[in-house]
Amino acid sequence: MKRIITTLLFAGILISCNSSDKTKPVNEESSEIKKPTDSVTNKVNKQLKKIDSDEALIATALMAAPEVSRSGAKIIGYNMAGEFVTLREGNNEFIILADDPNKNGFSAAAYHKDLEPYMARGRALKAEGKNHQEIFDIREEEVKSGKLKMTIGSTLHIYYGPDTDYDPETSKVENAKLRYVVYMPYATAESTGLPEVPIAQNHPWIMNPGTHRAHIMISPVAENSK
């Protein structure tokens, strides 16, 4: 009888030891699960600032251009005093239009320098009080007549979003995204093989087909898409 009791006690000790060992992986997995929470906390604690200086306008505007082209890009736009000026001279193929601090949200656009006559004409017509359709019609006639030239394949990179807070360490604007445009004057769905409406997120399509403003549009994927 004593031998049976001893055997049962020994078996109980073994079971207890094995159960204790199994708790270790469970605890390790629990600590692994906590890591995303730390990441979320870091994001919340990230120090964001308002775009409240010309230096901040320049830094955030540069995010619209490809990284390899930022150092030599020219930057124009409204300064904090509300004057349209050259915020920084440049020496490469990009001109960047900085965000207008007097408008809601954020929008900066980097475009190839060959597009400057077209962009400048649009700004001038807008300053004259012309509406969107009037500006479109005037530039359509001027491009057709040869007065205004557009280079096929010139690109426009738009960095935009609903917020105006940015990270001073990275210059990234909170919740901003990039949208890409490739100008193809008078191109059509037939000449490019592209649809006239997007058939999926981030899928290229052609906008304003058959006009001077025909362009390939590539929009970002929505945040909640998988």
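Every number in this text was worked out from the coordinates using simple rules, so none of it is lab data. The structure presented is a predicted model; accordingly, all values stated were derived computationally and were not measured. Every residue, glycine as well, gets a Cβ built from its backbone with ideal geometry; the counts of neighbours run over all protein chains shown.
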Item to check | Förster-model FRET efficiency, 41 Å R0, SER53 and SER145, C-beta, rounded to 0.05 | outcome: 0.45
Next on the checklist: Give me the extension gain from LYS103 to SER171: residue separation times 0.36 nm, minus the current Cα-Cα distance, reported in nm with one decimal.
Outcome noted: 22.6 nm
Checklist outcome for this item: Lys and Arg at +1, Asp and Glu at -1: neighbours of HIS112 with Cβ under 12 Å from its Cβ sum to -1
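Starting from the Cα gyration tensor of the range 173-226, take the square roots of the eigenvalues, sort them a ≥ b ≥ c, and report rounded, prolate or oblate (rounded when a/c is under 1.5, otherwise prolate if a/b is larger than b/c, else oblate).
Cα axes put the range 173-226 in the oblate bin.
If you take the beta carbon distance between MET119 and SER191 as r and set R0 to 25 Å, what does 1/(1 + (r/R0)^6) give as a FRET efficiency, to the nearest 0.05?
Plugging the Cβ-Cβ distance into 1/(1 + (r/R0)^6) gives 0.55.
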Item to check | Cα-based shape type of the range 48-149, given that a ≥ b ≥ c are square roots of the gyration tensor eigenvalues and the cut on a/c is 1.5 | outcome: oblate
Item to check | Cβ-Cβ FRET estimate between LYS130 and THR86, R0 fixed at 22 Å, reported to 0.05 | outcome: 0.40
Checklist entry - Stretch ILE152-ASN79 to full length: gain in nm at 0.36 nm per residue minus the Cα-Cα span? => result 23.2 nm
Checklist entry - Does the range 104-202 come out rounded, prolate or oblate by the C-alpha gyration tensor, with a ≥ b ≥ c the root eigenvalues, rounded set by a/c under 1.5 and, if not, prolate when a/b is larger than b/c and oblate if not? => result oblate
Checklist entry - Over 20 Å between Cα atoms, which of LYS103/LYS149; LYS49/LYS126; LYS49/LYS113; LYS49/LYS103; LYS103/LYS172 qualify? => result LYS103/LYS149; LYS49/LYS126; LYS49/LYS113
Next on the checklist: Explain nothing, just the number: relative contact order of the range 123-177, from Cα pairs under 8 Å at least 6 residues apart, as a whole percent.
Outcome noted: 20
